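The values are calculated or read from the model by the stated rules, or taken from the named source; none is laboratory data. What you are looking at is a predicted structure, and each value in this text was computed from that prediction instead of being measured. Areas reflect the complete protein model, heavy atoms only, side chains present, ligands, DNA and RNA absent. Shrake-Rupley method; radii C 1.70, N 1.55, O 1.52, S 1.80 Å.
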Amino acid sequence: MKAFEIFAIYVTPFVIIAVAIKLLMKRYAVDLTDVQNQGSKPRRRFLLGAWYSDE
C-alpha cells in the first residue's frame with residue numbers, strides 16, 4: 001500500500017498539470033484556417049539542403 005501512495009504522490013501533479021494545459025488549450029484554441037487568413041506573402045525557405053516556397 002505504501003508503494004501505491006508514493007506512486008500517487010508522484011503522478012498526481014503531472015495529471016493535474018496535463019488537465020490544466022488541456023483546458024487552457026481549449027480556451028485559447030486557434031484553428032488553422034484562422035492562421036491562414038491572417039495572410040502573409042509566400043516566402044522561400046531553405047530546409048534540409050533544398051529551397052522550397054510556401055504556398
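Things worth noting here:
- Residue within region 3-26 that is assigned to a helix (DSSP H, G or I) and modelled with pLDDT under 70 present: no
- Selection count where residues are at pLDDT 75 or above and open to solvent by less than 100 Å² (accessible area, probe 1.4 Å), scope region 27-49: 1
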